[in-house]
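Encoded as structure tokens, the structure appears first; notes follow it.
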Amino acid sequence: MTATVAPPSPANFINRLFFGYQNTAALKAALELDVFSALGSGTLDVAALAAKLDASARGIAALCDSLVVMGFLAKSPAGYALTPDAAVFLDRNSPASIASIHEFLASPEMVAMMFQDPAGAVRRGGAPGLANIAPDNPIWIRFARSMGPFMELDSKLVADHMSDPPPHRVLDIAASHGLFGIAFGRRFPDCRVTGLDWGAVVAVARENADAAGIGDRYDTIVGSAFDVDWGTGYDVVLLPNFLHHFDRAGCMKILHLTRAALAPKGRVAIVDWLPDEDRVSPPMPALFTMTMLLTTPSGTTYTGPELSAMLTEATFERPEIIPLVPTPLTLVLAQAA
């Protein structure tokens with residue numbers, strides 16, 4: 001039996017070119033209005049939801065119908081209700097809520113970088129970007145405050161993978177929200193954690209450490225990871241979502257600094273978006289390569305074999321590569337040779 005091939009249609013291009021960023025705008029509006037939390041207690045019709053959110057009925061109807069098409073809401077004669085994904089991740093009353101992520105991912109700075117000159121970024125092989133350009137850029141403070149919930153599960157998974165032997169001193173490079181280091185402080189009562197980042201950013205990590213009850217075991221180092229003294233004798237150095245901001249030369253400098261900071265048999269834990277060697281799968285790590293092209297001067301994603309080669313060059317043993325299921329990130333764990 002011959003398979004039926006759909007005829008060429010412009011709809012696919014329109015959906016991706018136009019409705020792609022319209023969907024981002026709709027989701028941003030829904031999160032700012034707190035639509036998902038409003039529906040957390042049950043189904044509401046347009047009039048009830050509009051009254052609850054102090055919004056127009058016309059606006060709520062258009063927004064919620066779009067969210068149905070996008071798969072975030074379900075629609076019935078009784079009104080709108082949350083889908084399972086929205087209930088878990090977008091209702092602010094859920095313990096797994098990541099509803100704050102729009103404050104960074106759809107921020108004016110990020111949107112401007114993405115749309116300012118994408119063809120130019122392709123021609124040049126990079127963009128001016130915000131990474132490593134200016135200390136305490138407000139965008140990274142916003143990142144630290146809004147993206148922490150998205151990394152909560154990953155940080156716990158990383159700490160759980162590193163319980164043998166239990167670490168006593170951990171250094172978290174580009175700590176940001178601090179959740180990766182804080183997870184070690186929570187998991188290991190005898191562990192002392194140091195977070196390194198720009199001053200205003202690492203202050204957020206300290207706030208989170210205090211809130212987590214490990215403030216008395218949380219130290220900070222202020223400055224650029226390329227310039228400040230890291231200290232020595234750490235059992236673990238964490239590099240979460242950091243190496244993708246740099247080209248290979250920049251990554252090698254960080255890995256050599258990591259090796260020098262570790263105690264004998266210490267370990268480095270890289271958490272990052274690793275595409276397969278075909279570089280078109282899995283979808284999120286594959287697409288993240290383009291994100292780096294549009295937002296950094298020379299950043300990119302690295303495959304497992306590429307990171308393995310860099311770690312070997314920096315005198316680490318062959319790494320273990322551990323997908324952090326069910327999240328899209330991967331842990332690359334290597335011991336100093």
Inter-residue pairs, beta-carbon under 6 Å, first part of a helix (DSSP H, G or I) and in the stretch 25-41, second among the polar types (S, T, N, Q) and buried (at least 18 other Cβ atoms within 10 Å of the Cβ), 6+ apart: Ala26/Ser66
Sole exception among (1) touching an Asp or Glu at 6+ places or on another chain (Cβ under 7 Å); (2) crowded, with 19+ Cβ neighbours inside 10 Å; (3) among the small types (Gly, Ala, Ser) for Gly199, by number: (2)
Search result, residues across the stretch 200-230 that are of a type in the set (Val, Ile, Thr) and under 21 Å from Pro189 (Cβ atoms): Ile214, Thr220
Candidates Met310, Met284, filtered to the one that is of a type in the set (A, V, I, L, M) and loosely packed, with under 14 Cβ neighbours inside 10 Å: Met284
Enumeration of residues in the stretch 62-80 that are crowded, with 17+ Cβ neighbours inside 10 Å and closer than 21 Å to Thr24 by Cα: Leu63, Cys64, Ser66, Leu67, Phe72, Leu73, Tyr80
Among the candidates Trp273, Trp230, residue that is modelled with pLDDT of 95 or more and buried (at least 19 other Cβ atoms within 10 Å of the Cβ): Trp273
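Looking at the stretch 66-98 only, could you name the residues that are part of a loop (DSSP other than H, G, I, E, B), closer than 27 Å to Met151 by Cα and without any contact (Cβ under 8 Å) to a residue 40 or more places away in the chain?
Gly71, Thr83, Pro95
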Among (1) out of contact with any Lys or Arg (no Cβ under 9 Å at 6 or more places or on another chain); (2) of a type outside the set (Phe, Trp, Tyr); (3) over 26 Å from Pro319 (Cα atoms); (4) surrounded by fewer than 22 Cβ atoms within 10 Å (Cβ to Cβ), the one test that Asp219 misses: (1)
Top-ranked residue in the stretch 287-337 [being aliphatic (A, V, I, L, M) and free of Cβ contacts under 8 Å to residues at least 12 places away in the same chain; ranked as nearest to Val237 (Cα to Cα)]: Ala309
The stretch 42-65, residues that are part of a loop (DSSP other than H, G, I, E, B) and of a type in the set (D, E, K, R): Asp45, Asp54
All helices (runs of 4 or more DSSP H) inside the stretch 216-315 with 1 or more residues being closer than 27 Å to Ala203 by Cβ and touching a Gly at 6+ places or on another chain (Cβ under 8 Å): 248-261, 283-295
Conditions (1) within 21 Å of His177 (Cα to Cα); (2) crowded, with 18+ Cβ neighbours inside 10 Å; (3) not small (Gly, Ala, Ser): number failed by Pro95: (2)
Inter-residue pairs, beta-carbon under 8 Å, first of a type in the set (S, T, N, Q) and in the stretch 229-244, second part of a strand (DSSP E or B), 6+ apart: Thr232/Leu262; Thr232/Ala263; Asn241/Val271; Asn241/Asp272
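Residue under question is Phe115, and the condition is that it be surrounded by fewer than 18 Cβ atoms within 10 Å (Cβ to Cβ) and either of a type in the set (Phe, Trp, Tyr) or not assigned by TED's automatic domain parsing to the domain that holds Ala26 (or both); does it hold? Break it down into steps so the answer makes sense when it comes.
Numbers: surrounded by fewer than 18 Cβ atoms within 10 Å (Cβ to Cβ): yes; either of a type in the set (Phe, Trp, Tyr) or not assigned by TED's automatic domain parsing to the domain that holds Ala26 (or both): yes.
For Phe115, the condition - surrounded by fewer than 18 Cβ atoms within 10 Å (Cβ to Cβ) and either of a type in the set (Phe, Trp, Tyr) or not assigned by TED's automatic domain parsing to the domain that holds Ala26 (or both) - is met.
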Any hit, the stretch 182-201, residues being touching a His at 6+ places or on another chain (Cβ under 9 Å), acidic (Asp, Glu) and within 21 Å of Thr330 (Cα to Cα): no
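The values are calculated or read from the model by the stated rules, or taken from the named source; none is laboratory data. Note that the structure is predicted; figures quoted are calculated from it, not measured. Glycine gets a Cβ as well: all are built from the backbone with ideal geometry, and neighbour counts include every protein chain shown.
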